[in-house]
Amino acid sequence: MSEPDNVSERVSEHQNLTDNALRHPVDLTIKNDIAYVTLNRPEKLNALDLATFKSLASIGRTLRKNTHIRGVILQGAGTDFCSGIDVKSLMKNSSAMLTLLKKWLPGSANLAQQVSTNWRKIPVPVIAVIQGRCWGGGLQIALGADFRYVSADATLAVMESKWGLIPDMAGNMVLREIMPKDQALRLAMCAEPISAHQAMEMNLITQVCEAPLQEAQHLLSQLTHKSPDALAAIKRLYTRNWQSPDWKMLMMETWYQIKIITGKNQRRAVKKQLDPDNAKPYQPRKRW
């Protein structure tokens, strides 16, 4: 009996290794016009290797061009959202680190930063659904989302200073929008995980949820009843101009409003309010 059992165990182990090798580091599934982007290295706590960075950046660019999707849910497979950088894979590989950090222009986003900034460029609501660990690079990715729905048992950390580094994956742009500077400094300097409820008190996240995925889906189900052009314009206005001087905010409000009212979706939004039984479905959004 022992030999068949051992053979079975070896076959099972080989199959697991094969499955892991073939598995994409990030999965993209679109269902009912909602894109589900799933970090898919659960055996590594969804730690970020170079392939994961490249896949996330590519998916972000693809979704930005998709005019049919109405929302994005960003999540992690298994028990954790993302435990941060895969240290063994990246930090001991100088060529991989250079691939992450190189950029054509000083003010453009490199590969390490695109996995955060790309979510801000997609003209639909992006919700990060967070459970377990959301540390280091994982938190930087989640900060690029518009909303962060977090399970009560999750922990979050700006972890880079633990490795003698600074946070450099573009999450700093969001921290300056949502947190006082002293709180952001403490997070970045101490590199200590905080609880979901502490993160909520610090305004780092949107909501602590018993079932964050269901809450995210519920929010998107509400937002799909709104004009996709209105939502795209609101996101672009707030993301690009939240820190702008008054004159620029006023100018962009007017420009985006003109762009909206010259399209069909605004008229269809009015029809849905005044005569819902005869209203037509929204058209795919314009380019924003």
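The values are calculated or read from the model by the stated rules, or taken from the named source; none is laboratory data. Predicted model, so just to flag it, every value in this text is computed and none were measured. When we count neighbours, we look across all protein chains shown, and the Cβ atoms used for this are built from the backbone with ideal geometry, even at glycine.
When restricted to residues that are part of a loop (DSSP other than H, G, I, E, B) and either surrounded by fewer than 21 Cβ atoms within 10 Å (Cβ to Cβ) or β-branched (V, I, T) (or both), segment 46-85 contains 8. Would you confirm whether any residue within segment 244-256 is part of a loop (DSSP other than H, G, I, E, B) and surrounded by fewer than 17 Cβ atoms within 10 Å (Cβ to Cβ)? Within segment 244-256 (the criterion being part of a loop (DSSP other than H, G, I, E, B) and surrounded by fewer than 17 Cβ atoms within 10 Å (Cβ to Cβ)), the answer is yes, since at least one residue qualifies. Residues of segment 102-129 that are out of contact with any helix residue (DSSP H, G or I) (no Cβ under 6 Å at 6 or more places or on another chain) and under 30 Å from I194 (Cα atoms): Q113, T117, W119, V124. When R285 is tested against (1) in contact (Cβ under 8 Å) with a residue 60 or more places away in the chain; (2) part of a helix (DSSP H, G or I); (3) of a type outside the set (F, W, Y), just one condition goes unmet, and that condition is (2).
Results for (1) at positive phi; (2) hydroxyl-bearing (S, T, Y); (3) modelled with pLDDT of 95 or more; (4) under 15 Å from the mean Cα position of the chain (by Cα), shown as yes or no for each residue.
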site: P106; (1), (2), (3), (4): no, no, no, no
site: V115; (1), (2), (3), (4): no, no, yes, yes
site: I130; (1), (2), (3), (4): no, no, yes, yes
site: I141; (1), (2), (3), (4): no, no, yes, yes
site: C190; (1), (2), (3), (4): no, no, yes, no
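Here is a yes/no grid of residues against (1) in contact with a His (Cβ under 9 Å, 6 or more places away or on another chain); (2) surrounded by fewer than 24 Cβ atoms within 10 Å (Cβ to Cβ); (3) closer than 20 Å to K235 by Cα:
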{"position": "L105", "(1), (2), (3)": "no, yes, no"}
{"position": "A109", "(1), (2), (3)": "no, yes, yes"}
{"position": "I130", "(1), (2), (3)": "no, no, no"}
{"position": "Q140", "(1), (2), (3)": "no, no, yes"}
{"position": "T155", "(1), (2), (3)": "no, yes, no"}
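Here's the yes/no breakdown for (1) assigned by TED's automatic domain parsing to the domain that holds I69; (2) touching a residue at least 60 places away in the same chain (Cβ under 8 Å); (3) crowded, with 19+ Cβ neighbours inside 10 Å:
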| site | (1), (2), (3) |
| --- | --- |
| M159 | yes, yes, yes |
| K162 | yes, no, no |
| L165 | yes, no, no |
| M169 | yes, no, yes |
| Q183 | yes, no, no |
| A191 | yes, no, no |
| M202 | yes, no, no |
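Residues in segment 237-270 that are under 11 Å from S227 (Cβ atoms) and either touching a residue at least 12 places away in the same chain (Cβ under 8 Å) or of a type outside the set (V, I, T) (or both): 8 in all.
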